[in-house]
1. Can you run down the residue pairs with Cβ atoms below 6 Å, 6 or more apart or on separate chains, where the first is in the stretch 95-121 and over 20 Å from TYR275 (Cα atoms) and the partner is in a loop (DSSP other than H, G, I, E, B) and within 14 Å of ligand 1 (Cβ to nearest atom)?
2. Scan the stretch 325-348 for residues that are surrounded by fewer than 21 Cβ atoms within 10 Å (Cβ to Cβ) and of a type in the set (Gly, Ala, Ser) and jot them down.
3. Of these, GLN157, GLN152, which one is within 16 Å of ligand 2 (Cβ to nearest atom), polar (S, T, N, Q) and either touching a Cys at 6+ places or on another chain (Cβ under 6 Å) or farther than 30 Å from VAL85 by Cβ (or both)?
4. Of the numbered conditions (1) in contact with a strand residue (DSSP E or B) (Cβ under 8 Å, 6 or more places away or on another chain); (2) assigned by TED's automatic domain parsing to the domain that holds GLY181, MET219 fails exactly one; give the number of that condition.
5. Does the stretch 54-98 hold any residues that are of a type in the set (S, T, N, Q) and over 16 Å from ALA112 (Cα atoms), and which are they?
6. Just the residues that are more than 30 Å from ARG204 (Cα to Cα) and in contact (Cβ under 8 Å) with a residue 24 or more places away in the chain, please, taken from the stretch 129-150.
7. Any chance you could count how many residues in the stretch 222-250 are in contact with a strand residue (DSSP E or B) (Cβ under 8 Å, 6 or more places away or on another chain) and within 10 Å of ligand 1 (Cβ to nearest atom)?
8. Checking ASN16 against (1) surrounded by 16 or more Cβ atoms within 10 Å (Cβ to Cβ); (2) more than 16 Å from ligand 2 (Cβ to nearest atom), which single condition isn't satisfied?
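The values are calculated or read from the model by the stated rules, or taken from the named source; none is laboratory data. In this text the structure is predicted, and so the values were computed from the model without any measurement. Positions of Cβ are backbone-derived with ideal geometry, glycine not excepted, and every protein chain shown enters the neighbour counts.
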Amino acid sequence: MRSVAILGATGSIGENSLAVLSRHPDQFRIETLTGSTSADRMALLCREHQPATAVLADAAAANRLQTLLGTHSTTRVLAGTEALVEVATAADTDIVVAGIVGGAGLESTYAAVAAGKTVLLANKEALVMAGRLLLAAAKTSGAHIIPIDSEQNAMHQCMPHSAGGINLEGVQRILLTGSGGPFLHHSEDTLASVTPDQACNHPRWRMGRKISVDSATLMNKGLEYIETSYLFDLSPEQIEVVIHPQSIVHSMVTYLDGSVLAQMATPDMRVPIAYALGFPQRITSGADPLNLLNQEPLTFLPPDETRFPCLALARAALEQGEGHCIALNAANEVAVAAFLARQIQFTAIPQVIAQVLAKTEAAKPNSIDSVLLLDQAARGTAQSCLNQLGI
Ligand code: NDP
Ligand code: MG
């Protein structure tokens, strides 16, 4: 029996993780659930899954959760960001699902890795901000990082494994697939007027609002480009982005002999989550089986970087170095939040990011605290760019 902490349990990754875990009560115990402000949702989850501990980062929400659960609940309620680190490193937790959205997940994700946990990584922003530090910490602690982002999970499935982990011998390139998002076929002039709800209406996946907007701008593929480079220690030239609107092939690994291995499944996050929970065994996920005979034809096309400049911005940031990756992520978070609040147009998102990158100096932070300082500075720069736009 292995015990699991789900960081970001009240979100979309949390929901899918709980769905898989609930199918295997004989193998996994749900030890901890965390969220930020969603007290009502957390109260429901606590009643259903009876975790030993529930954390809400927001103190007022944690108070409300305690009231909702009443005094007879066996779940201990904690508040604050320090509590996230505490549960991510707790001795009685084996597996940590890193499912918090954005830079807010960095400290707890890093803490889990440094504590040697098996970390099921959805929080790609943590890798974009501090990939080198996270992987170095994993090497020291012996932590096992298994990506549950569907594309990186597909790569993990298609790569050769040896006793020491992934062995890249013979691997030539990666084909990183992406659906192209809801505006794949929109003309450039219509993109300025799209609404947050349209951007969040993804054709293939139901996800949180931030990653949905990232998918619509293609920044999600940009973040994954950086994520892939760090996770598998690949040079940027070894990674090619391919648009695949049906989201059936979740990425491919090309070998020296010309073989290409692809992982396929219905687009359902329970598949990569079940793979990572069971690894190296296979366990059921609850996802519908893939029926290729009932499936529309699989197509592949190159990304259009004129209509969607975010991918090129991410590639440039990776080339420029760690300070620029931190700034890219921070500026994107600020710009996406402003778009979701209807303060800027969809097409202003890459403009804000480009402006912040132009003002960023090279940096190679040697601690998570230094990363967070650079992140704060870049958020400040992004905010001044928004102020110049009159926001
Ligand atoms: P959601 O918005 O659905 O959920 C986010 C979770 O993070 C919630 O539990 C939320 O709590 C919590 N959270 C938000 N802000 C904070 C904070 N400041 N401190 C602590 N916790 C916080 O996001 P998703 O589940 O869609 O995405 C989570 C991560 O997984 C992202 O990095 C995303 O890129 C990645 N991912 C997601 C996929 C998906 O299918 N959803 C696919 C691949 C990757 P609360 O509810 O209380 O706000
Ligand atoms: Mg993905």
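1. Taking only residues 6 or more apart or on different chains, the pairs are VAL101/GLY208; GLY105/ASN123.
2. ALA337, ALA341, ALA348
3. So the residue among GLN157, GLN152 that is within 16 Å of ligand 2 (Cβ to nearest atom), polar (S, T, N, Q) and either touching a Cys at 6+ places or on another chain (Cβ under 6 Å) or farther than 30 Å from VAL85 by Cβ (or both) is GLN157.
4. In the conditions (1) in contact with a strand residue (DSSP E or B) (Cβ under 8 Å, 6 or more places away or on another chain); (2) assigned by TED's automatic domain parsing to the domain that holds GLY181, MET219 misses (1) alone.
5. ASN63, GLN66, THR67, THR71, SER73, THR74, THR75
6. ARG132, LEU133, LEU134, LEU135, ALA137, ALA138, THR140, SER141, GLY142, ALA143
7. Looking only at that region, the number is 2.
8. Condition not satisfied by ASN16: (2).
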